[in-house]
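Below: one structure in structure tokens.
The values are calculated or read from the model by the stated rules, or taken from the named source; none is laboratory data. The shown structure was predicted, so the numbers you read here are calculated from the model rather than taken from an experiment. Glycine gets a Cβ as well: all are built from the backbone with ideal geometry, and neighbour counts include every protein chain shown.
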Amino acid sequence: MPHLVIQYSENIEPRIDMKQLCDQLGDTICASDMFPKGGVRVRAYPAAAYSIADQHPQNAFIDLVLRIGAGRTQDQKRNFGQALIDQVSEICQDLLAEPHFALSLEIIEIDPDLSWKVNTIHPRLKSNS
Amino acid sequence: MPHLVIQYSENIEPRIDMKQLCDQLGDTICASDMFPKGGVRVRAYPAAAYSIADQHPQNAFIDLVLRIGAGRTQDQKRNFGQALIDQVSEICQDLLAEPHFALSLEIIEIDPDLSWKVNTIHPRLKSNS
Amino acid sequence: MPHLVIQYSENIEPRIDMKQLCDQLGDTICASDMFPKGGVRVRAYPAAAYSIADQHPQNAFIDLVLRIGAGRTQDQKRNFGQALIDQVSEICQDLLAEPHFALSLEIIEIDPDLSWKVNTIHPRLKSNS
């Protein structure tokens with residue numbers, strides 16, 4: 001944890017570098033000091049088939065779902081979500097300047113009692129620090 | 001909001017036009033008057049690797065997860081879910097006539113306190129109406 | 001139900017046979033006698049764009065989310081989750097021997113009041129048994 005899943009309409013690929021977006025959001029999550037760096041997993045999934053709003057061919061979307069472990073306060077979660085949507089809005093400013101773009105973010109907490117993890121990145125990062 | 005995510009086994013692609021299915025379900029969501037048109041995002045993701053039930057090669061699935069904002073009554077949600085599964089059942093009637101198909105739908109509510117949206121489609125649709 | 005969704009970084013494809021992993025986990029779910037065989041749907045989605053931890057190029061992940069129907073006890077869910085993560089750990093032992101791998105599993109219960117299913121596999125499996 002945390003997991004950030006980005007779903008988006010394929011028509012924005014010429015305009016947004018998705019690998020770069022993943023890296024930028026990963027950097028932000030790591031820099032927040034709220035989450036263990038070794039657990040950060042950001043990934044992006046283009047949808048080839050989709051239907052948005054009035055089905056205008058220029059309509060596009062990016063939807064982010066951040067799944068985090070328990071333990072942060074409501075204020076921490078609210079502030080971090082706001083920071084994340086602000087960052088993505090900045091990166092997508094050209095898309096947001098046009099009347100065809102829907103951006104969204106949701107934060108969901110993972111039930112600690114019904115989740116499991118095995119992570120070999122944590123020890124490497126700890127031994128490096 | 002709302003978000004409708006369709007996951008399906010790739011083996012139904014010759015039989016169901018996924019772009020058309022996205023448009024048809026998008027139309028239904030828009031026509032329900034329960035959701036703002038500008039927020040409707042339907043998308044479909046084929047799974048190339050999958051394993052269904054007894055692993056018969058003709059086994060296939062479509063799984064729909066509809067994430068909606070808070071504010072609808074339980075009855076509204078129940079009725080709308082029923083209408084949606086009825087519509088998809090109609091579209092998939094050939095698949096449902098064979099003993100190899102699993103169709104499912106779930107509705108999940110998004111926490112208004114931990115979700116964010118920036119949408120430039122809404123103002124365009126409002127100015128057009 | 002149940003639904004097992006596997007998300008993973010594309011860089012593990014040369015090392016893990018995803019179709020085989022789906023089948024192995026499907027077999028385990030079927031053999032547990034906790035779930036109806038005809039409802040088992042395992043599927044895997046590679047992420048082409050991703051960012052993991054310190055962004056080391058060898059970093060990789062597999063994230064499993066198991067959505068199940070209501071009706072199992074907390075102990076049943078805990079034990080089954082543990083068995084599943086143990087099995088995947090065994091399959092991924094080479095990846096886990098290196099300091100670049102993050103494996104995770106979460107179990108989520110589906111709301112029976114807001115879910116629907118139409119399944120033509122169940123009757124076939126029942127008539128065969």
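Hey, which of the strands (runs of 3 or more DSSP E) in the stretch B:46-119, taking only ones fully inside, have at least 2 residues that are out of contact with any His (no Cβ under 9 Å at 6 or more places or on another chain) and over 28 Å from C:LYS19 (Cβ atoms)?
Result: B:101-109, B:115-119.
Can you pull out every residue in the stretch A:77-113 that is more than 9 Å from chain B (Cβ to nearest Cβ), under 30 Å from C:PHE80 (Cα atoms) and surrounded by 13 or more Cβ atoms within 10 Å (Cβ to Cβ)?
Selection gives A:ILE110, A:ASP111.
Sort through C:TYR8, C:TYR45 and tell me the only one that's hydroxyl-bearing (Ser, Thr, Tyr), out of contact with any helix residue (DSSP H, G or I) (no Cβ under 9 Å at 6 or more places or on another chain) and in contact (Cβ under 8 Å) with a residue 24 or more places away in the chain.
Being hydroxyl-bearing (Ser, Thr, Tyr), out of contact with any helix residue (DSSP H, G or I) (no Cβ under 9 Å at 6 or more places or on another chain) and in contact (Cβ under 8 Å) with a residue 24 or more places away in the chain holds for just one of C:TYR8, C:TYR45, which is C:TYR45.
On to the next question. Counting only residues that are at pLDDT 95 or above and not in a loop (DSSP other than H, G, I, E, B), which one in the stretch B:120-129 is farthest from the other protein chains (Cβ to nearest Cβ)?
Looking at the filtered set, the residue picked out is B:HIS122.
For B:ARG67, all conditions in the list (1) facing another protein chain (nearest Cβ under 9 Å); (2) more than 23 Å from A:VAL65 (Cβ to Cβ); (3) basic (Lys, Arg) hold save one; what is the number of the exception?
(2)
For B:TRP116, all conditions in the list (1) modelled with pLDDT of 95 or more; (2) more than 8 Å from chain C (Cβ to nearest Cβ); (3) over 27 Å from C:ILE108 (Cα atoms) hold save one; what is the number of the exception?
Among (1) modelled with pLDDT of 95 or more; (2) more than 8 Å from chain C (Cβ to nearest Cβ); (3) over 27 Å from C:ILE108 (Cα atoms), the lone unmet condition for B:TRP116 is (3).
In this structure, is A:PRO57 touching a helix residue (DSSP H, G or I) at 6+ places or on another chain (Cβ under 7 Å) and either closer than 14 Å to A:TYR8 by Cβ or away from chain C (no Cβ under 14 Å) (or both)?
So A:PRO57 does not fit the description; no.
In the stretch B:40-55, what residues are surrounded by fewer than 22 Cβ atoms within 10 Å (Cβ to Cβ) and touching a strand residue (DSSP E or B) at 6+ places or on another chain (Cβ under 7 Å)?
Within the stretch B:40-55, B:TYR45, B:PRO46, B:ALA49 meet the criteria.
Moving to a separate point now. Among the residues of the stretch A:74-129, write down those that are over 29 Å from C:VAL88 (Cβ atoms), in contact with a Phe, Trp or Tyr (Cβ under 6 Å, 6 or more places away or on another chain) and free of Cβ contacts under 8 Å to residues at least 24 places away in the same chain.
A:ILE85
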